[in-house]
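The values are calculated or read from the model by the stated rules, or taken from the named source; none is laboratory data. Here the structure is a predicted model, which is why all the values come from computation and not from measurement. Don't worry about glycine lacking a Cβ; one is built from the backbone with ideal geometry, like all the others, and counts go over all protein chains shown.
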Amino acid sequence: MAVKRLSFEEAMGRLEAIVEQLERGECGLDQSLKLFEEGAKLAGQCEELLNKAEQRVTMLLADDREAPFEGDD
């Protein structure tokens, strides 16, 4: 199943639903494998989104440190 690009919150919500479904143990092997594959893709997407957010925060913090403070003359 192809995983469309979701927001971080949407992807985490779907990932949590997949984990709950797998933990119940009510799916057959084929369905469990499909869910696992979807979950792995979602986990990768979440990691990618978190890495991008971390890079952005790092960049913003670096910009703040380089900017002169007002009143520093």
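Brief remarks follow.
- Pairs with Cβ under 6 Å, 6+ apart, first in region 1-22 and assigned to a loop (DSSP other than H, G, I, E, B), second modelled with pLDDT under 95 and surrounded by 13 or more Cβ atoms within 10 Å (Cβ to Cβ): none
- If the condition is being acidic (Asp, Glu) and within 27 Å of Ala53 (Cα to Cα), then region 21-42 contributes Glu37, Glu38.
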